[in-house]
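Novice: Okay, here's the structure, questions in a sec.
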Amino acid sequence: MYPMRIPVLQWIILASILGCSGKSGNQAQQGESSILSKIRLKDLKGNPIDLNQYQGKVVFINFWATWCGPCIKEMPSIERAKSILKNKEIEFLIASNESVEQIQSFREKRNLDLHYVQLQNLEELNIQALPTTFIISPDGKLVFFETGYREWDEAGNIELLTKIINSNE
């Protein structure tokens, strides 16, 4: 009976460690309807953004806040991933539900080549923590989401993004 407890204990420890890391990378449910119509964004001039303009491209949306340390820490890796994938069919958006003034001030203090947008409906999207990243397939389905910090320019993450981009070809 004792040998059976060790694997269970190891599983409990592993689950606890992963649960505390703040990460939950997930493949989204197959067949999930288009999420593009559910996300409401504005540019920093207050103009609504129609996400359907990105139909046919992968859309990477990172939800963040100016006060969120892990959000700020991962932004340079998002910028580098964007640069690595610049010739691919992918659009990177960085969305905060804070005021345009807060987002603009943050953008001006940091020299990052990112597409900052204002999120209008954080609560409706059921985002529980920041940063959270959605990756949406070219046909508008949520194919990956994750809560927590990630180095997006690491080889495995570039491979993940490339696989999603190539899955529509």
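Novice: Charged (D, E, K, R), modelled with pLDDT under 50 and either surrounded by 11 or more Cβ atoms within 10 Å (Cβ to Cβ) or at negative phi (or both): which single residue out of 23, 57 fits that description?
Specialist: 23
Novice: Run down 130, 119 and say which single residue is within 22 Å of residue 43 (Cβ to Cβ) and in contact with a Pro (Cβ under 9 Å, 6 or more places away or on another chain).
Specialist: Just a single option satisfies the conditions, and that option is 130.
Novice: Moving to a separate point now. If I filter region 126-144 for residues that are surrounded by fewer than 19 Cβ atoms within 10 Å (Cβ to Cβ) and touching an Asp or Glu at 6+ places or on another chain (Cβ under 7 Å), do I get at least one hit?
Specialist: Among the residues of region 126-144, at least one is surrounded by fewer than 19 Cβ atoms within 10 Å (Cβ to Cβ) and touching an Asp or Glu at 6+ places or on another chain (Cβ under 7 Å), which makes the answer yes.
Novice: To continue, here is another question. Which members of region 74-102 meet the condition of being in contact with a helix residue (DSSP H, G or I) (Cβ under 7 Å, 6 or more places away or on another chain), without any contact (Cβ under 8 Å) to a residue 40 or more places away in the chain and not hydrophobic (A, V, I, L, M, F, W, C)?
Specialist: 91, 96
Novice: Restricting region 28-54 to residues that are more than 14 Å from residue 97 (Cβ to Cβ) and charged (D, E, K, R), which is modelled with the lowest pLDDT?
Specialist: By that ranking, first place goes to 32.
Novice: Hey, does region 124-133 have a residue that's touching a residue at least 40 places away in the same chain (Cβ under 8 Å), within 20 Å of residue 71 (Cβ to Cβ) and small (Gly, Ala, Ser)?
Specialist: yes
Novice: Sticking with this one: Could you grab me the full set of residues in region 96-121 that are of a type outside the set (D, E, K, R) and part of a loop (DSSP other than H, G, I, E, B)?
Specialist: 97, 99, 111, 112, 114, 115, 120, 121
Novice: Identify, please: which residue in region 130-162 is small (Gly, Ala, Ser) and assigned to a loop (DSSP other than H, G, I, E, B) and is, among those, farthest from the chain's Cα centre (by Cα)? Show your work before the answer.
Specialist: Restricting attention to region 130-162, the residues satisfying the condition of being small (Gly, Ala, Ser) are 137, 140, 148, 155-156.
Narrowing the set further to residues that are assigned to a loop (DSSP other than H, G, I, E, B) leaves 137, 140, 148.
Values: 137: 13, 140: 15, 148: 9 Å.
Within region 130-162, the match that is farthest from the chain's Cα centre (by Cα) is 140.
Novice: Taking the condition closer than 21 Å to residue 51 by Cα, assigned to a helix (DSSP H, G or I), out of contact with any helix residue (DSSP H, G or I) (no Cβ under 8 Å at 6 or more places or on another chain) and among the charged types (D, E, K, R), does residue 124 pass?
Specialist: yes
The values are calculated or read from the model by the stated rules, or taken from the named source; none is laboratory data. Everything numeric in this text was worked out from a predicted model, so none of it was measured. Every residue, glycine among them, receives a Cβ derived from its backbone with ideal geometry; neighbour counts consider all protein chains shown.
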